Ligand SMILES: [Zn+2]
């Protein structure tokens, strides 16, 4: 059987370095690896990161949670005010 060097498919390793776009110290940095770029993104999303492809920025899991809570509290606040008046 001839040995064909091309028989082994090349498996690319992509790395995705994420920095949190929220202003806090220390800036959270995480590196995700995968065989495809979208695989990296999927791993990051699984870890709780939010990736904004349009702006090429990302939000760390704790900021994502915090921003979600702020949005919810704001909605509840408005709801309460509406009830009072
Ligand atoms: Zn953050």
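Mind checking which strands (runs of 3 or more DSSP E) fall wholly inside segment 14-85 and carry at least 2 residues that are loosely packed, with under 14 Cβ neighbours inside 10 Å?
Of the strands (runs of 3 or more DSSP E) lying wholly inside segment 14-85, those with at least 2 residues that are loosely packed, with under 14 Cβ neighbours inside 10 Å span 14-19, 29-34.
All but one of (1) more than 16 Å from the ligand (Cβ to nearest atom); (2) farther than 20 Å from residue 13 by Cα; (3) touching a residue at least 12 places away in the same chain (Cβ under 8 Å) hold for residue 36; state the number of the condition that does not hold.
Result: residue 36 fails condition (2) only.
Looking at segment 55-77, can you tell me whether even one residue there is out of contact with any helix residue (DSSP H, G or I) (no Cβ under 8 Å at 6 or more places or on another chain), more than 10 Å from the ligand (Cβ to nearest atom) and modelled with pLDDT of 95 or more?
no
The values are calculated or read from the model by the stated rules, or taken from the named source; none is laboratory data. Here the structure is a predicted model, which is why all the values come from computation and not from measurement. As a convention, Cβ positions derive from the backbone with ideal geometry for all residues, glycine included, and neighbour counts pool all protein chains shown.
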